[in-house]
Structure formats: structure tokens, C-alpha cells
1. Look at the stretch 279-309 and say how many of its residues are assigned to a loop (DSSP other than H, G, I, E, B), more than 8 Å from the ligand (Cβ to nearest atom) and buried (at least 20 other Cβ atoms within 10 Å of the Cβ).
2. Give me a count of the residues in the stretch 82-99 that are buried (at least 21 other Cβ atoms within 10 Å of the Cβ), part of a loop (DSSP other than H, G, I, E, B) and either without any contact (Cβ under 8 Å) to a residue 24 or more places away in the chain or on the phi < 0 side of the Ramachandran plot (or both).
3. Output the strands (runs of 3 or more DSSP E) that fall wholly within the stretch 229-274 and possess 2 or more residues being within 16 Å of residue 300 (Cα to Cα) and more than 9 Å from the ligand (Cβ to nearest atom), or say none.
4. Please count how many residues of the stretch 245-256 are crowded, with 21+ Cβ neighbours inside 10 Å and in contact with a helix residue (DSSP H, G or I) (Cβ under 8 Å, 6 or more places away or on another chain).
5. Can you confirm whether the stretch 230-244 contains a residue that is touching a helix residue (DSSP H, G or I) at 6+ places or on another chain (Cβ under 6 Å), surrounded by fewer than 19 Cβ atoms within 10 Å (Cβ to Cβ) and modelled with pLDDT of 95 or more?
6. I'd like to verify a number: residues in the stretch 60-81 that are more than 16 Å from the ligand (Cβ to nearest atom) and either part of a helix (DSSP H, G or I) or buried (at least 24 other Cβ atoms within 10 Å of the Cβ) (or both), how many?
7. From 198, 149, 181, which residue is free of Cβ contacts under 8 Å to residues at least 24 places away in the same chain, surrounded by fewer than 21 Cβ atoms within 10 Å (Cβ to Cβ) and within 16 Å of the ligand (Cβ to nearest atom)?
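The values are calculated or read from the model by the stated rules, or taken from the named source; none is laboratory data. These numbers come from a predicted model, not from an experiment. Every residue, glycine as well, gets a Cβ built from its backbone with ideal geometry; the counts of neighbours run over all protein chains shown.
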Ligand SMILES: Cc1cc2nc3c(=O)[nH]c(=O)nc-3n(C[C@H](O)[C@H](O)[C@H](O)COP(=O)(O)O)c2cc1C
């Protein structure tokens, strides 16, 4: 029903709008729709057989929303009602940010892809904390994605959110934010984690970039293994040049990323059987979910397939897990 309504009605309307306008519209509708009524109409009843543990925290499904979908913690409560096991809120920096100049989000409809150069537009940590305060019951299904211009800013941001989620995701991998490139090396990851572990015991995920040179993951994983309760998200969008974006380059997401997501997962899992891995990139079908979980992913995050296939996708993926 939800799939049909989205494909033949909602998606057609939304795709007539500029992608950022469409995103804001959906976000605000979900924000304003009363949670209990939404749950009554669209609520997904989880089967305990698909629940899983991430760092001792039980989530009702291993499939969640990837960072960027809900940068300001507005749509998450109702997305969770639809059947997502968890949601990664953010990425948020401490101060409010406008992000890059527009146009900065493009649909590539023929390939079921998006290209973005947003660079973390968000209301900033304080505004999000206010909303989180009135939704404390969701803590066990939230990961907050934080970033910062310096290691100190990242640590400060972690401390703001540590009581509002079951894990933190440190985003050092957006191809659209030049400040982050300096963190993508063994020494900086070690330093960020070392500083974090001095102030918090919270589980932490490091979201790594999508890198062609696959051996480089070995170097980036090395510091991660030195600390307890640290996992990885593999991986962010694919950096590309695109003249349609005002800044001329951005990150590609969607269908074509799946093969590289699988390749990176296989590479990392082979040498690190114990590390907690979340996969992100191009996931859109039950078969892909099955493959990634069989190859050792602990949980999965989706973004672009939600835009192209609509909200019914999570029911389809959860039900697919039950039939495996
Ligand atoms: C419009 C847009 C905004 C995004 N914003 C963020 C972000 O703020 N932080 C982040 O870590 N990833 C961000 N991402 C990357 C997604 O979280 C995800 O890793 C990526 O899109 C690949 O997954 P997908 O193919 O399922 O979309 C964004 C992606 C898109 C399309």
C-alpha cells in the first residue's frame, strides 16, 4: 500500500520539486504528524527474530537510516515508527551552519542516485539537544553523528550528546567539507579516539570515506582496534566532480555504490573478524541486505534507496530478513 502510494502519487509530486525543497517538505510533514497517530496508521510491528545487538544495545532491526537524512532530529521519530531499527541523526557541528552554496543536491533519476555537496547545513547542536530532550525514550535507537573543525570541537560535541544516544558516529569522511580531510589518517584517528576515551565510555563509530586504494583501510582501521567499543561505518559517498553543483564537486550516493560497499566490507572483515561494522552505500534490496549480513556486517544504513523506493522499503527489507 505504502509502496504503491509512493510510487504512483507521492514520488511523482515530490520529484517535480527541487530535491532540497522536497526533502524539507517530507521532513516537516513527518515532524508535524502526531507520533501516536502516525504509529497507529503506519506503525511497523517488529518481529523479535530480526532484532540484533550493537555494543550491548538491542535494536529491533539491523537496518537503520544513514546520517544526513535527519540532520536536525525532526523526522527520526516517525521514521522509526515505519520500521527502521535505528537512526543516525546529524551530522551536526556545534554551531549552526548554512552549508555550501546552492545548487548542492541533484537527482540522477536514470541511475537511482543522488549527488550532494551540502556540507552539513544544520541548526547546530543546541537546537538538536532541545528536541532530543523531549524524546528521551528513543535513546536506545539513536546514533548521533558529530563532526567538528578541530579534534577539540569533535570531543566537545561528543560530550554534548553522549547521554542522548546509544552510540556516537564521528564523521571524518564527508567529501564536501574540506576541514575533514586532515582527519583521514592513522595518527589523527588515533588522536581523536584517544581524546574521546579519556572523557567518555560511549560506543563510537568512525565513518570512513570511500577510498579507491583499498589497502589504505588497513591503516585507518589500525587505530580503531586499539580502543574498546569502537566500530566503523563503511563508507560515505563517492567523491566526484560535477559541474551542475555550484562548488563543482560532491559525493555520489545510491545504487552504483553497492559493489564497492561489498568489496570494502569483505576486505576489512577478512583481517578483522571482531570489529563492529555498519555498511552504508547503495543498499536497496533484501538480496543485498542478505549478502552484506552474510559477509559479516553487523548493521546497515540506507539513505538514497529511501528517496527512490519510498518509505515502504523498510517493511520490505525487514520482511526479507524474516524469510532468510
Ligand atoms: C543528501 C545527503 C546528505 C548526506 N549527509 C550526510 C551527513 O551529514 N553525514 C554523513 O556522515 N553522511 C551523509 N550522507 C551520506 C549517507 O549517510 C550515506 O553514507 C551515503 O548516502 C551512502 O548511502 P546510500 O547509497 O544508501 O545513500 C549524506 C548523503 C546524502 C545523499
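1. Residues that pass the stated criteria total 1.
2. Residues meeting the conditions: 3.
3. The qualifying strands (runs of 3 or more DSSP E) are 230-234.
4. Number satisfying all stated conditions: 2.
5. The answer is no; no qualifying residue exists.
6. Residues in the stretch 60-81 being more than 16 Å from the ligand (Cβ to nearest atom) and either part of a helix (DSSP H, G or I) or buried (at least 24 other Cβ atoms within 10 Å of the Cβ) (or both): 4 in total.
7. Only one candidate qualifies: 181.
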